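Notes for the one structure printed next.
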Amino acid sequence: MYFLRRLATLVPLLLVISFLAFVLVRVAPGGPFDRERQPASPEIKRALEAKFHLDEPLWKQYLRYLGGLVRGDFGPSLKYRNHSVADLIKQGLPVSMLLGMMAFGFAMGVGIPVGYFTAVRRGHWEDYSGSFFAILMVCIPGFVIAPLLIMFFAIQWRLLPVALWGSPLHAVLPVAALGLYFSGRIARLMREGMLNTMQAEFITAARAKGLGENALMLKHAFRIAVLPVVSYSGPLLADLLVGSFVIETIFQIPGLGVFMVNGSLNRDYTLVVGLVVLYATLLVVLNLIVDFAYTLLDPRVRYD
Amino acid sequence: MLTSCVQREPPADVTVINGTEPESLDPHIVTGIPEMRLTKALFDGLVKLDPREARPIPALAERWDISPDGRVYTFHLRTNAVWSTGEPITTADVVWSWFRALNPATAGDYAGQLFYIKGAEDWYNGKAKDPSQVGIQALDDHTLRVELNAPLAFFPDLCAFPTLAVVPRAVIEKHGDRWLHAQPLPTSGAFTLGAWRVNDKVRLLRNPRYWDDADTASEIIDVLPTGSPNTSLNLYETGVADVVWDKDLVPAELIDVLKQRPDFHTFDYLGTYFYRFNVTRPPYHDARVRLAFAMVTDKSRITTKLTKGGEKPATHFVPDGVANYEAPHGPSFDLEQARRLLAEAGYPGGKGFPRTTYTFASGSAGGARMHGKIAVELQQMWREALGVEVELRQIERKIFYSSQSRLEYDISASSWIGDYNDANTFLDLFTSFSGNNRTGWKHARYDELIRQANLETDLTKRAGLFREAELILITGEAPIVPLYFYAGFSYYHPERVGGIWPNILDEHPLQYIHRKRPKSEARSPKKIRDVNSGLSFRLKAQSDSCGRIWLPTDFGFRISFGSRHAEFGFNSFELDADTFH
């Protein structure tokens with residue numbers, strides 16, 4: 001019931017979000033057809049605006065947009081004139097999702113073990129080197145990591161392609177560049193979670209019962225310690241799935257990330273609103289999944 | 001996506017990095033240079049530009065007659081011109097295409113390129129209702145009569161412009177704005193559209209039905225959209241791309257190094273970087289102030305210290321090398337005169353000069369970063385020479401253009417790239433009725449001179465009128481101050497890629513571009529060591545986007561054993577990348 005109710009709030013939420021996006025992007029000064037060269041006559045510019053109904057009052061434009069949205073039509077892109085916004089999402093989303101999923105897997109696969117072992121081996125060299133790695137990754141942004149990876153792996157040693165998207169080999173560097181930062185954050189969350197849990201009373205109780213240390217850590221402590229990571233993973237996944245502007249630009253990957261930023265810069269109104277709606281839906285649905293995962297992991301959490 | 005490689009894509013003959021993702025491939029809609037390079041490969045007009053000098057040569061029209069008064073052009077279409085799907089291209093296609101470009105519903109920025117035709121502007125604005133009032137008339141299937149408002153020296157150049165290209169009626173009527181996704185897509189140019197994946201690539205396939213197919217030099221050309229100068233250079237350096245040709249795709253930090261290389265080409269380009277004054281606001285409403293600024297702007301300091309790519313300092317507005325024209329000399333650097341003019345205007349030594357701002361657009365691409373550097377340099381020049389403090393203001397691109405149009409600035413960075421090789425494409429900007437004037441400057445004599453020049457059929461007299469107008473623009477009134485003429489840049493190895501000739505329009509039809517040696521040579525060989533035999537394979541192969549490795553036709557690999565080696569030749573065959581792991 002609880003989850004159905006949450007799902008039902010999605011509709012009014014999306015209405016509010018789409019309306020805000022729709023208005024805010026139009027409030028920004030400058031329009032989609034402000035370019036270096038203006039058309040030869042003002043009539044031409046008027047025709048451009050009329051074509052995309054930008055000459056109508058705002059409420060009418062919004063209703064027209066909603067009418068399209070109900071039918072799954074995100075409208076035409078104002079910048080990429082031969083594509084509809086749905087075309088662009090259809091082409092970009094699978095690429096961004098694939099890249100995002102792999103980066104997510106990478107971040108989890110690296111971050112969770114590192115966080116776990118640094119906590120379990122607290123005060124030993126494993127802790128220091130693991131924590132150093134985690135902090136380093138959090139501190140170096142993607143636009144530094146990516147060129148460094150390219151320089152060594154693609155240019156110096158010629159092991160991997162410098163850019164583009166196509167073969168599995170093409171994915172290695174962007175996945176690493178995108179995932180490393182998050183693996184650092186996850187490692188730190190995981191370490192904190194483990195350290196807190198290891199001091200919890202139920203762990204002391206279990207230890208007193210004579211449980212082996214490994215079973216204690218993996219079976220009992222881990223389940224609770226991983227909760228902060230799980231709650232972080234919802235927004236993280238939503239973030240990763242819609243693509244990364246920096247990584248997609250550097251590696252020339254045909255994903256959605258570039259559209260989000262360039263769409264706003266180009267005042268491609270329909271594209272921006274379409275992406276905001278998409279992103280909001282993903283975020284809400286993924287958060288819902290995260291809350292659901294809580295009930296599986298933590299026996300103390302119940303929703304009615 | 002990774003798994004989308006279901007059907008195998010053969011490697012391209014030539015891979016070109018062309019600038020950012022095309023906004024459109026519809027020739028009647030495109031506005032950018034990267035887009036136009038692509039639409040010209042897909043859709044021919046009556047005329048095209050020759051690859052060497054970029055002068056107009058016959059395309060769909062095999063010849064044309066011009067009436068003695070220069071107002072009526074009669075085009076004779078070639079009878080062997082057909083769509084890539086086989087139907088003949090007739091005057092009906094041309095007339096329909098031009099009327100489509102003139103339809104407000106098509107909403108092309110460049111519809112104005114057709115307003116030189118009699119009645120066309122009235123038709124666009126809905127004032128003329130009868131198509132016969134427009135000077136576009138098919139006399140028969142292969143003869144087209146075009147009547148102009150005035151004799152137009154550059155009309156053949158204009159006929160090569162994408163807005164006047166011939167597009168397929170049936171497909172457009174059926175599919176609307178998404179017509180370029182139609183299968184099959186009939187094209188009138190040297191190539192057909194093999195694939196168009198956003199931010200991935202545009203693949204052009206040779207159109208064997210093209211009337212000039214004999215001159216098409218490549219079977220497949222891949223055009224990659226890349227916005228990042230560094231990524232472009234990386235792709236070029238590792239042999240993925242053969243040609244990089246956009247002036248914004250050269251990393252500004254590396255230009256000193258790149259300039260030394262034999263595969264880096266720089267040439268004069270039909271574009272001018274300048275700054276505009278808003279003449280509706282004091283103190284720049286006073287021509288003496290504007291001239292004072294112009295006289296202390298040291299242009300060579302900008303080209304030698306900042307841009308460094310072979311750009312030439314500009315004392316006038318119309319670039320050198322434009323056809324049938326030689327520009328006058330503008331004011332030269334003159335400190336004394338500048339200070340005197342400023343004092344006359346009421347600001348001796350810069351005293352009492354109001355605080356004003358110089359605005360420029362933000363941007364991170366190679367060329368755009370230059371705006372900021374130039375702004376700082378100009379600010380310093382004005383401070384040193386005139387004692388005037390001008391603030392700098394960087395604003396986002398779209399806001400920049402909109403505030404420029406609405407005259408919400410004091411001084412503004414600007415640039416202009418010529419549409420066709422004629423002085424008019426620069427000088428008509430500052431007529432009082434041009435939407436691109438954006439200075440608030442109106443000058444009746446200037447307007448009159450430009451109007452007269454465009455009525456003049458004698459090229460020498462025409463040039464004289466233009467020169468007089470330009471003198472008013474740069475030395476008399478100075479609503480603008482030219483800084484430098486652009487240089488075009490590209491990289492490609494002349495021994496590997498042929499069919500590219502430098503010219504002032506940076507016009508390099510894809511039709512002529514081809515590879516001279518197999519691509520494998522360009523790639524650094526991949527060394528694979530067979531542990532058992534100690535044989536070292538140097539595989540000179542290329543891999544396609546699916547990670548499959550190709551050995552191109554009549555090429556093989558070389559086995560080296562110590563210092564000896566043997567070469568093996570193969571016909572084209574394919575190995576899976578997996579074989580090597």
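Return the equivalent ellipsoid semi-axes of segment A:159-236 as a descending list in whole Å, where each equals the square root of 5 times an eigenvalue of the C-alpha gyration tensor.
They are 38, 13, 9 Å, listed largest first.
Once you compute Rg and the Kirkwood Rh from C-alpha atoms, what is the Rg to Rh ratio for segment A:196-295?
Here Rg/Rh amounts to 1.25.
Using the Karplus equation 6.51 cos²θ - 1.76 cosθ + 1.60 (θ = phi - 60°), what ³J(HN,Hα) coupling, rounded to whole Hz, does each residue of segment B:313-321 give in order, writing x for Gly and Pro?
x, 10, 9, 9, 8, 7, x, 4, x
Compute the helix-to-body angle for B:369-386: its Cα long axis versus the longest principal axis of chain B, expressed 0 to 90° and rounded to tens.
30
Cross-link list A:LYS51/B:LYS398; B:LYS299/B:LYS516; B:LYS174/B:LYS201; A:LYS90/B:LYS373: which exceed 31 angstrom alpha carbon to alpha carbon?
Result: B:LYS299/B:LYS516; A:LYS90/B:LYS373 exceed 31 Å.
Please list the helices of chain A that count as membrane-span-like by this rule: a mean Kyte-Doolittle hydropathy of at least 1.0 together with Cα atoms stretching 20 Å or more along the helix axis, each helix being a complete DSSP H run.
Flagged H segments are A:2-27, A:85-120, A:227-241, A:269-297.
Using a Cα-Cα cut-off of under 22 Å, which lysines could be cross-linked to A:LYS209, ignoring same-chain neighbours fewer than 8 residues away?
Within the straight-line cut-off, A:LYS209 pairs with A:LYS219.
Run the helix sum for chain B: -39,500 (n - 2.57) per DSSP H stretch of 4+ residues, divided by residue count, reported at 222 nm to the nearest 500 deg cm²/dmol.
When only DSSP H runs of four or more count, the value is -6500 deg cm²/dmol.
Could you please put B:LEU102, A:LEU283 in sequence from largest to smallest accessible area, using a 1.4 Å probe?
A:LEU283, B:LEU102
Rg to Rh for chain B: what is it, with Cα atoms only and Rh by Kirkwood?
1.02
So in the protein assembly as shown, what percent of DSSP beta bridges are antiparallel if you round to the nearest 5?
Looking only at bridges with both residues in the protein assembly as shown, the antiparallel portion is about 85 percent.
For segment B:180-296, count the residues as N, evaluate 2.2 N^0.38 Å, and divide the Cα radius of gyration by that value, please.
Normalised Rg, Cα atoms only: 1.64.
Quick one: angle between helix B:91-101 and the longest Cα principal axis of chain B, in degrees between 0 and 90, rounded to 10, please.
60
GNM on chain A, C-alpha springs below 10 Å: top fluctuator among A:TYR269, A:TYR181, A:TYR232?
A:TYR232
Given a cut-off of 46 Å, what percent of all Cα-Cα pairs of the protein assembly as shown lie beyond it?
The answer is 35 percent, as a whole percent.
Would you list, by chain and number, the lysines whose Cα falls below 18 Å from the Cα of B:LYS48, excluding same-chain residues fewer than 8 positions away?
The reachable lysines, counting only those whose Cα sits under 18 Å from B:LYS48, are B:LYS40.
Run the reach check for A:LYS79 against aspartates and glutamates, Cα to Cα strictly under 14 Å, same-chain hits fewer than 8 apart removed. What comes back?
Filter leaves A:ASP34, A:GLU49, A:ASP87, A:ASP268, B:GLU21, B:GLU23, B:ASP26, B:GLU35, B:ASP109, B:ASP177.
On each of the three principal axes of the Cα atoms of segment A:1-80, give max minus min coordinate, whole Å, ordered largest first.
61, 24, 23
Quick check: convex hull of the Cα atoms in chain A, volume per residue, rounded to a whole Å³?
Measuring per residue, one finds 168 Å³ for the Cα hull of chain A.
Quick check: from the Cα gyration tensor, does segment A:94-255 come out rounded (a/c under 1.5), prolate or oblate?
Prolate shape, in that a/c is at least 1.5 and a/b is the bigger ratio.
In sequence order, what are the phi-derived ³J(HN,Hα) couplings for segment B:194-210 according to the Karplus relation 6.51 cos²θ - 1.76 cosθ + 1.60 with θ = phi - 60°, rounded to whole Hz, with x for glycine and proline?
Each residue's phi maps through the Karplus curve to give x, 7, 9, 10, 4, 6, 10, 6, 10, 10, 9, 10, 4, 9, x, 8, 4 Hz.
Over all directions, the average projected area of the alpha-carbon convex hull for segment B:112-239 comes to how many nm²?
Value for segment B:112-239: 11.7 nm².
Only Cα pairs under 8 Å and at least 6 apart count here; give the relative contact order of segment B:323-422 as a rounded whole percent.
Answer for segment B:323-422 is 33 percent.
Amide H of B:LEU392 versus every other amide H placed in the peptide plane: which residues, excluding those fewer than 5 positions away on the same chain, fall under 5 Å?
Residues meeting the amide H criterion: B:TYR358.
Please arrange B:THR280, A:THR281, B:THR143 by accessible surface area, largest first, computed with a 1.4 Å probe and ligands excluded.
Largest accessible area first, the residues go B:THR280, A:THR281, B:THR143.
Determine ³J(HN,Hα), in whole Hz, for all residues of segment B:419-428 in sequence, where each value follows from phi through the Karplus function 6.51 cos²θ - 1.76 cosθ + 1.60 and θ = phi - 60°; x replaces Gly and Pro.
Ordered by residue, 3J(HN,Hα) equals 7, 8, 7, 7, 4, 4, 5, 9, 6, 6 Hz.
Quick one: angle between helix B:459-471 and the longest Cα principal axis of chain B, in degrees between 0 and 90, rounded to 10, please.
Approximately 60 degrees, to the nearest 10.
Considering only A:ALA187, A:GLY255, A:SER244, whose Cα is most displaced toward the positive end of the charge dipole of segment A:94-255, charges sitting on Cβ of Lys, Arg (+1) and Asp, Glu (-1)?
A:ALA187
Kindly sort B:ASP26, B:ASP50 by accessible area of their heavy atoms, largest first, with the probe set to 1.4 Å.
Putting B:ASP26, B:ASP50 in descending order of accessible area: B:ASP50, B:ASP26.
Compute the FRET efficiency between B:ARG369 and B:LYS308 as 1/(1 + (r/R0)^6), taking r as their Cβ-Cβ distance and R0 = 22 Å, and round to the nearest 0.05.
Result of the calculation: an efficiency of 0.95.
The values are calculated or read from the model by the stated rules, or taken from the named source; none is laboratory data. Here the structure is a predicted model, which means the values were calculated and not measured. Counting neighbours? That spans all protein chains shown, and the Cβs are built from the backbone with ideal geometry, glycine included. Accessible surface is based on the protein model in full, side chains and every heavy atom, while ligands, DNA and RNA are left aside. Shrake-Rupley method; radii C 1.70, N 1.55, O 1.52, S 1.80 Å.
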